[in-house]
Amino acid sequence: MEFIQTKLTGSFIIEPKILRDERGYFMESFNERLFQEGIGDRISFVQDNQSASVKGVLRGLHYQTGAFSQAKLVRVLKGEVLDVAVDIRPDSPTFGQHQAVLLSEDNQRQFYIPKGFAHGFVVLSETAIFFYKCSDFYNRESEGGILFNDPALGIDWKLPEADFILSEKDRNLPLLSNARPAW
């Protein structure tokens, strides 16, 4: 595995080593020792989540606050998504900046998003199965979110906004300037 530090300190794109032959492919998708060495931190994952979505579904931008803040390791099992992390750490030099990563069943990339980031994705293929590991359990009282099209973030979601399929909750999230603090 190759760990590529993004412009947002602490977040990494993880390129797997894929062994392909006439039978298909083999890859190691997670190895705790290599993962912790690669990110330079000891993270334990306690919950795995999976979602299935159709083209245009946009989920996010979500995060957990305080003691329930979550680091995430995300990947796509089927299809293709544009995955986005937004730095919401108040003292970070990259506060309010985002990193977008194309994740697909073809490239098998993973994206590590540390605590203190909002996260979301949009499905670019006809369907997608999205899988992620979380470092803490979900806690409803600790939910936070930011509106996907906040002009201050300047995220290019790669699809026309008219094509998005959003939950009512995601459609009504606040702007970053009014969002719940991460800590």
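The values are calculated or read from the model by the stated rules, or taken from the named source; none is laboratory data. Because the structure is predicted, anything quoted here is derived from the model rather than measured. Neighbour counts are summed over all protein chains in view; Cβ atoms, including those assigned to glycine, are modelled from backbone coordinates with ideal geometry.
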Can you tell me which residue in region 54-77 is farthest from P16 (Cα to Cα), limited to those that are in contact with a Lys or Arg (Cβ under 7 Å, 6 or more places away or on another chain) and of a type in the set (S, T, N, Q)?
T65
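Please work out if K115 is within 17 Å of D48 (Cα to Cα), outside any loop (DSSP other than H, G, I, E, B), in contact (Cβ under 8 Å) with a residue 40 or more places away in the chain and charged (D, E, K, R).
no
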Members of region 34-53 that are within 23 Å of K17 (Cβ to Cβ) and in a strand (DSSP E or B):
D48
Taking only region 120-149 into account, find how many residues are surrounded by 21 or more Cβ atoms within 10 Å (Cβ to Cβ) and either within 14 Å of F12 (Cα to Cα) or not hydroxyl-bearing (S, T, Y) (or both).
9
When residues of region 56-98 are filtered for being farther than 21 Å from S167 by Cβ, of a type in the set (A, V, I, L, M, F, W, C) and modelled with pLDDT of 95 or more, how many remain?
4
Pull out all pairs, ordered by first then second residue, where Cβ-Cβ is under 7 Å, the residues are six or more apart or on different chains, the first lies in region 22-33 and is surrounded by 11 or more Cβ atoms within 10 Å (Cβ to Cβ), and the second is among the polar types (S, T, N, Q).
M27/Q108
Tell me, please, whether a residue that is in contact with an Asp or Glu (Cβ under 8 Å, 6 or more places away or on another chain) and among the charged types (D, E, K, R) can be found in region 24-33.
no
